[in-house]
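Inspection log for the structure reproduced underneath, given as structure tokens.
FYI, it's all coordinate maths here, none of it is from the lab. It should be emphasised that the depicted structure is a prediction, and the values quoted were computed from it without experimental measurement. Heads up, the Cβs are rebuilt from the backbone with ideal geometry, glycines too, and the neighbour counts pull from every protein chain shown.
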Amino acid sequence: AVVQAHRERRREEQVEAATRISERLQLELLKRSLQPHFLMNTLAALVEVVEVEPAQAVRFIESLGEAYRQLLAVASERTIDMGRELALARAHLDLMGHRQGTEFNLHPSGLDEGAPVPPAWLLTLLENAFSHNRYTKPATFRLDEARRDGRRRYTFTAPAGEGEVPAFGEGTGTRYLRARLEEAFPGEWDLSDGPTEAGWTTVVGMPA
């Protein structure tokens, strides 16, 4: 009975710890996405558009609302379908396109849209790309999936901005991504990244 009680208590402690981590990650996602400088820069860009092209400003506002609607819908989840993650990523790219006056696209290849993934993992990689690059021309980001031996391997490529290779490093975005991966797939994920001829490539492995 004593051993059983100890095991039950241990399980309760593990659940409580996992809940605290999940809540912290949810708050971290919202905090990163609601950064004052990001909002201020976005609103400043919106003001400029309102003054010269009101119709485009309406689409800008709708894009901003959609991006945050998608974000709030997934923030509290441990995993979501890849299809929802793609919708979140595309909403962000649409917003950034309005903000920077150009067009950004995501080219997926071989993706299973029903596969479980950590929420905002792809969004985080996109945010990293915009944080470390200045894109003044249309740009296309790539996400490829390969499946082998019961695992999925995602390869994300961010093009270089202004003719230079981006350099991400281990910033808050990457640390957040690692924490989300560990929460979703404890000990069963891997991540590597670095510069390539195409720009900056991140490879993430997850269970199938």
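Could you sort 67-78, 83-94, 39-50 so that the peptide with the highest average Cβ count within 10 Å comes first and the rest follow in order? Can you show the working numbers first?
Working: 67-78: 16.2, 83-94: 20.4, 39-50: 13.9.
By packing density, highest mean first, the sequence is 83-94, 67-78, 39-50.
So what's the net charge close to residue 137: Lys and Arg +1, Asp and Glu -1, counting the other residues with Cβ under 13 Å from its Cβ? Walk me through the numbers before you get to the answer.
Values: positive: 134; negative: 103, 162.
Local net charge: -1.
What FRET efficiency comes out for the pair residue 146/residue 198, r = Cβ-Cβ distance, R0 = 25 Å, nearest 0.05? Spell out each step's value before the answer.
Values: r = 17 Å, r/R0 = 0.66.
Computed FRET efficiency for residue 146 and residue 198: 0.90.
Among 182-193, 117-128, how do they line up from the highest to the lowest mean number of other beta-carbon atoms within 10 Å?
Final packing ranking: 117-128, 182-193.
So how many Å³ per residue does the convex hull of the Cα atoms of the range 75-180 work out to? Walk me through the numbers before you get to the answer.
Working: hull volume 11.5 nm³, N = 106.
Spelled out: Cα convex hull of the range 75-180, divided by residues, is 108 Å³.
Given the Cα-Cα distance of residue 41 and residue 58 and 0.36 nm per residue of separation, how much length would full extension add, in nm? It would help to have the intermediate numbers written out before the result.
Numbers: separation 17, 0.36 × 17 = 6.12 nm, distance 1.71 nm.
Stretched out fully, the residue 41 to residue 58 stretch lengthens by 4.4 nm.
Show the residues, 5+ positions off or on another chain, whose built amide H is closer than 5 Å to the amide H of residue 140.
Under 5 Å from the amide H of residue 140 lie the amide H atoms of 105, each far enough along the sequence or on another chain.
Could you pull out every residue, at least 5 positions away or on a different chain, whose amide H is within less than 5 Å of the one on residue 152? Hs are placed 1.01 Å off N in the peptide plane, and Pro or chain starts have none.
Result for residue 152 returns 206, 208.
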